[in-house]
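Here is the structure we will look at.
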Amino acid sequence: MWNPKIAGPRAAVALAMLSLAGCMVGPKYQKPVPPVPANFKEGGTPDSGTPDIAYSDWWRVFSDADLARLETEADAANQDVKLAIARVEQAEAGARVARSFLFPTISLGASASRTREAQNRPNNGNTFGQAATYNDFQLPAFLSYEVDAWGRVRHSLEAANATEQATAADLRFVRLSVEANVAMDYYSLRETDAERQVLDLTVQDMQSAVDLTTNRFRGGLTSELEVKQAQTLLDQTKAQAQALDVQRTQLEHAIAVLEGKAASDFSIPRSPLPLSKGAGLPPAIPSGLPAELLARRPDIAEVERYVAAANAEIGVAKTAGLPHISLTGLAGFESVSMTSLFSWQNGIASLAASAVAPIFTGGRVKAGVDQAWAMYRQSLAQYQKTVLVAYQEVEDQLAALRILAGEAQSTADAVADAEQAETIALNRYRNGLVSYLDVVYAQTALLANQRTATQIGGERMVATVVLIKALGGGWLGVPAPAGVNPNPGAPGSTTATNQPTMAKGMTK
């Protein structure tokens, strides 16, 4: 039967608990506003007409089947990616743990005991001064619940959710870094192959020169000095070619590790970058606007989420100085006999509420709040630094590509001039007009310019890859081509595909 004398106070207590649960101490999170320039200093190629780069498979702009295969395999097997996936799973579990504190904890216990009490025990009146032996069987269920009066649990959940989102952004950044490293090592290796091709062709030409000087020496037209000069230059060129093999081997081994494979079981066939004029040029990458970089870069999204987590931790620290309110309850059965344990008359129950407020902590609460604020300022400074470094990286690569394009043209002209100089020197030498030293100079200059031209071609490809990485790997909202798995190597995971939404700040 409803009793207003009892129900009234109970309702008042319930309403008070609900009103307290709506309170939250601590600062409301405001997404930091970084300094955003109006345009990139280098300008980039915003109107180049290049198709948009898909966010999850940016390497397809290079139209290189071998690179696409390596990227897909690296996404599936790279150990750094697997470590990042494990960190995301760990953070997801941590968020579920934090969320569980929004609900009461219910546990079930059971106990059985047999006790003999002494005859002369204190207050022995129930057994008329006799000794007593009895059983005690209990089957209670316990309930405990922390009333989130000041938002400690909700702030903890907010921090855990932000951390989970940060680790998801970190996964995207690790994946992007691995993909970029694969592409950079791949084009460095192909540049090495192209450079080796130049040296191999030069060795053939120099061998012909050795044969020419030898024949002239045997005919008494020249001295043995010219033969030794030609042979020395040939041997030096062979040594340069062999030195490139060391560099290529190391690059191949580095790619093997990125692919999650043992270096002993991995190899890439030789495939030099195209050397013909106009071939092997890197694709033009539109840089877009600086503001777009904030949404594209996963590392920026990551540090912004850590700012949100640090902001929530301030609220958690502040609640340490407020009363801790909790509810505890018990319900079950108790009897001296198992046969009557579940009888309604043997039911037991209790409900209690408690509040504990700190009075003196030696400054621990204030120190905790100060520490949380310091962590927030640290994460905010890291966010600002990450944004500034991101703009620097984009500007660096835009400038590098612009300068390398001019350098490539100048080097191409130098190669053409050196080829003509070598032809003239050889013709004049055959006619006896100059010594072979002029031919040596011409061949040395030609080889140096050819190697430089090849190296610049590789640098342009690598700089393009680094620019794409600096821009965030691809354009948000641009889907992968049909039939392409945007997240190879992460079965059942949607973390990377959902990453674009994680740059949004929490306004709770």
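The values are calculated or read from the model by the stated rules, or taken from the named source; none is laboratory data. On a predicted model such as this, the values are computed, not experimentally measured, just so you know. Every residue, glycine among them, receives a Cβ derived from its backbone with ideal geometry; neighbour counts consider all protein chains shown. Surface areas here come from the heavy atoms of the whole protein model, side chains and all, with no ligands, DNA or RNA. Shrake-Rupley method; radii C 1.70, N 1.55, O 1.52, S 1.80 Å.
Yes/no per residue for (1) assigned to a helix (DSSP H, G or I); (2) open to solvent by 20 Å² or more (accessible area, probe 1.4 Å); (3) within 30 Å of Trp59 (Cβ to Cβ); (4) of a type outside the set (A, V, I, L, M):
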{"site": "Asn427", "(1), (2), (3), (4)": "yes, yes, no, yes"}
{"site": "Asp438", "(1), (2), (3), (4)": "yes, yes, no, yes"}
{"site": "Leu447", "(1), (2), (3), (4)": "yes, no, no, no"}
{"site": "Gln455", "(1), (2), (3), (4)": "yes, yes, yes, yes"}
May I ask you to list the residues in region 411-425 that are buried (at least 20 other Cβ atoms within 10 Å of the Cβ) and either among the charged types (D, E, K, R) or not in a helix (DSSP H, G or I) (or both)? Glu422
The residue from Ala291, Ala310, Ala320 that alone is under 30 Å from the mean Cα position of the chain (by Cα) and either surrounded by 14 or more Cβ atoms within 10 Å (Cβ to Cβ) or free of Cβ contacts under 8 Å to residues at least 24 places away in the same chain (or both) is Ala310
Can you give me the number of residues within region 199-224 that are free of Cβ contacts under 8 Å to residues at least 60 places away in the same chain, open to solvent by 80 Å² or more (accessible area, probe 1.4 Å) and closer than 30 Å to Pro269 by Cβ? 2
Here are Gln397, Gln443: which of them is crowded, with 17+ Cβ neighbours inside 10 Å and either farther than 18 Å from Ser188 by Cα or among the hydrophobic types (A, V, I, L, M, F, W, C) (or both)? Gln443
Between a residue in region 67-80 that is open to solvent by less than 10 Å² (accessible area, probe 1.4 Å) and any residue that is of a type in the set (S, T, N, Q) and part of a helix (DSSP H, G or I), which pairs come within a Cβ distance under 9 Å, given they are 6 or more apart or on different chains? Ala74/Asn181
Would you confirm, using the coordinates I've provided, whether Val227 is buried (at least 19 other Cβ atoms within 10 Å of the Cβ), touching a Phe, Trp or Tyr at 6+ places or on another chain (Cβ under 6 Å) and not acidic (Asp, Glu)? yes
For Ile285, are the conditions met, namely being closer than 30 Å to Val25 by Cα, of a type in the set (Val, Ile, Thr) and open to solvent by less than 20 Å² (accessible area, probe 1.4 Å)? no
Which residue is nearest to Ala209 (Cα to Cα), if the candidates are limited to region 418-432 and must be among the charged types (D, E, K, R) and more than 60 Å from the chain's Cα centre (by Cα)? Arg430
Among the residues of region 169-189, is any among the charged types (D, E, K, R), farther than 30 Å from Thr339 by Cβ, open to solvent by 40 Å² or more (accessible area, probe 1.4 Å) and in a helix (DSSP H, G or I)? no
Would you check if Asp245 is under 21 Å from Ala418 (Cα atoms), surrounded by fewer than 16 Cβ atoms within 10 Å (Cβ to Cβ) and among the charged types (D, E, K, R)? no
Of the conditions (1) touching a Pro at 6+ places or on another chain (Cβ under 7 Å); (2) over 30 Å from Val33 (Cβ atoms), Pro286 fails just one. Which one is it? (2)
Taking region 83-102 as the region of interest, how many residues are open to solvent by 80 Å² or more (accessible area, probe 1.4 Å) and touching a residue at least 24 places away in the same chain (Cβ under 8 Å)? 6
Only one residue in Ala390, Ala372 is in contact (Cβ under 8 Å) with a residue 12 or more places away in the chain and either among the basic types (Lys, Arg) or touching a Lys or Arg at 6+ places or on another chain (Cβ under 6 Å) (or both). Which one? Ala390
